[in-house]
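Visitor: Mind having a look at this structure? Questions to follow.
The values are calculated or read from the model by the stated rules, or taken from the named source; none is laboratory data. No experiment lies behind these values; they were computed from the predicted model shown. Cβ sites come from the backbone with ideal geometry, for glycine too, and all protein chains shown count toward neighbours. With ligands, DNA and RNA removed, areas are computed over all heavy atoms of the protein, side chains included. Shrake-Rupley method; radii C 1.70, N 1.55, O 1.52, S 1.80 Å.
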Amino acid sequence: MHNINSKRIYVAGHNGMVGSAIVRFLLKRGQGKIISRSHDELDLTDQAQVKDFFSSERIDEVYLAAARVGGIHANNTYPAEFIYQNLMIEANIVHEAYRAGVNRLLFLGSSCIYPRIAEQPMNEECLLTGKLEPTNEPYAIAKIAGIKLCESYNRQYGTDYRSVMPTNLYGPGDNYHPENSHVIPALIRRFHEARESNAASVVIWGSGTPRREFLYVDDMAAACVHVMNLERSIYDAHTEPMQSHINVGTGEDVTIRELAALIGKVVGYEGKIEYDATKPDGTPRKLLSVDRLNSLGWTASTALQDGLGKAYAAYVASIQEPARLHA
């Protein structure tokens, strides 16, 4: 077994919100040598490139955080890209990691793997018990396949490949694209722009009644490292060979109306908040059961309002940075 500080740890997707948070956490802990490659350096959908990478880099552990991601609009607009790219990335990394002798890998999925109408809170057992939310089904299918890849390699080859399923994530490094972003970054941007322009009102998609759970991304990174470092006997005792994934969340949810009010407050926007009920709501409720994770010794520590404050500060810094560069 390697000394924990000499491990070579590959973080796939290190430029993304989750991957960069995992890198931050590992560096803070002084835990191993971080190996990373940008998309320009390594196309993860290209099996030959992935094979060459693993055969030359002597990787000990893999955090598989690379993925094609987006909100409802992006998932609806690019379904072929979402299923193809995610399937290729995970299949190439899992297979080539196995071929190169990488024994431990952590695959990051998504809470959208669960049926659209599932008993709340959703526990790990409800996977594959019903129809998925149509707007992100291709992405969800790819993430389910990732779990099953890990489980299949474990069963056939004795590898130690684990899976975590985060709830909705937010924080530094988020995507603030006006159309392709998730709800928190979309609302942070919209409220900030409304405040800057003194807009009388902000219009939000949907009825505002769906309930959502949100986890600050640095908490997610801490959970990932916690799960990765568990003794195999402990991980195996709390999971099953064909149901080995672990939910990661806070165990608490809010309505979109409550969320919007909170973001308005954090941003300092004082106008009206209106709802366009002609736009889609998505799944009525998505709350994860985090009993399995809690029993493994980890709970989230960042309160939503505190996390939103940090996320907003990171957003403001990100839009000021280009201005400084061009000054």
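Visitor: Please find, in a Gaussian network model of the chain (springs between Cα atoms separated by less than 10 Å), the residue of Ala145, Ala311, Ala237 whose mean-square fluctuation is greatest.
Guide: Fluctuation is largest for Ala237.
Visitor: Same structure, new question: Rounded to a whole number of µm²/s, how large is the Stokes-Einstein D of the chain at 10 °C and 1.306 mPa s, given Rh as the Kirkwood radius over C-alpha pairs?
Guide: Value of D from the Cα-based Kirkwood radius: 78 µm²/s.
Visitor: Between Asn229 and His95, what's the calculated FRET efficiency when r is the beta-carbon distance and R0 is 25 Å? Round to 0.05.
Guide: 0.55
Visitor: To the nearest 20 Debye, how big is the dipole of the stretch 151-282 about its Cα centre, given +1 on the beta carbon of each Lys and Arg and -1 on that of each Asp and Glu?
Guide: For the stretch 151-282, the charge dipole is close to 240 debye.
Visitor: Among all lysine pairs in the chain that are eight or more places apart or on different chains, how many have alpha carbons less than 16 angstrom apart?
Guide: Value for the chain: 5.
Visitor: May I pose another question? Placing +1 on the Cβ of each Lys and Arg and -1 on the Cβ of each Asp and Glu in the stretch 4-72, which of Phe53, Tyr63, Ser6 has its Cα farthest towards the positive end of the resulting dipole?
Guide: Toward the positive end, the furthest listed residue is Ser6.
Visitor: From Cα pairs below 8 angstrom and at least 6 apart in sequence, can you work out the relative contact order of the stretch 207-259, rounded to a whole percent?
Guide: 69 percent
Visitor: Taking all protein chains in place and a 1.4 Å probe, what share, in percent, of the accessible surface of the stretch 160-296 do carbon and sulfur account for?
Guide: Result for the stretch 160-296: 49 percent of the exposed heavy-atom area is carbon or sulfur.
Visitor: Mind checking the dipole of the chain: about its Cα centre, +1 per Lys or Arg Cβ, -1 per Asp or Glu Cβ, Debye to the nearest 20?
Guide: Here the chain has a charge dipole of around 360 debye.
Visitor: Whole number please: convex hull volume per residue of the Cα set in the stretch 225-305, in Å³?
Guide: 124 Å³
Visitor: Could you give the Stokes-Einstein D for the stretch 126-225 in µm² per second, using the C-alpha Kirkwood radius, 4 °C, 1.567 mPa s?
Guide: The diffusion coefficient I find is 77 µm²/s.
Visitor: Based on the Cβ-Cβ distance of Ile117 and Arg155, what FRET efficiency does E = 1/(1 + (r/R0)^6) give at R0 = 25 Å, to the nearest 0.05?
Guide: 0.25
Visitor: What angle, in degrees between 0 and 90 and rounded to the nearest 10, separates the Cα long axis of helix 47-57 from the longest principal axis of the Cα atoms of the chain?
Guide: Relative to the chain, helix 47-57 is tipped by roughly 70 degrees.
Visitor: With +1 assigned to the C-beta of every Lys and Arg and -1 to the C-beta of every Asp and Glu, and no other charges, what is the dipole magnitude of the stretch 182-232 about the Cα centre in debye, to the nearest 20?
Guide: Roughly 220 debye for the stretch 182-232.
Visitor: Hey, another quick one. How many nm separate the modelled label positions at Arg58 and Thr278, each set 7 Å beyond the Cα in the direction of the Cβ?
Guide: Once both label points are built, they end up 6.3 nm from each other.
Visitor: With unit charges on the beta carbons (Lys and Arg positive, Asp and Glu negative) and the dipole taken about the Cα centre of the chain, which residue among Pro178, Val248, Gly30 sits farthest to the positive side?
Guide: Gly30
Visitor: Please calculate how many Å² of accessible area the stretch 167-323 carries per residue, with a 1.4 Å probe and no DNA, RNA or ligand atoms counted.
Guide: Result: 44 Å² per residue.
Visitor: Another question, then. Rounding to the nearest 10 and keeping the result within 0 to 90°, find how far the Cα-based axis of helix 304-326 lies from the longest principal axis of the chain.
Guide: In the chain, helix 304-326 runs at an angle near 90 degrees to the longest axis.
Visitor: Taking the Cα atoms only, what angle lies between the long axis of helix 17-29 and the longest principal axis of the chain, rounded to 10 degrees?
Guide: 60 degrees
Visitor: In whole angstrom, how far apart do the alpha carbon centroids of the stretch 47-88 and the stretch 104-168 sit?
Guide: 15 Å
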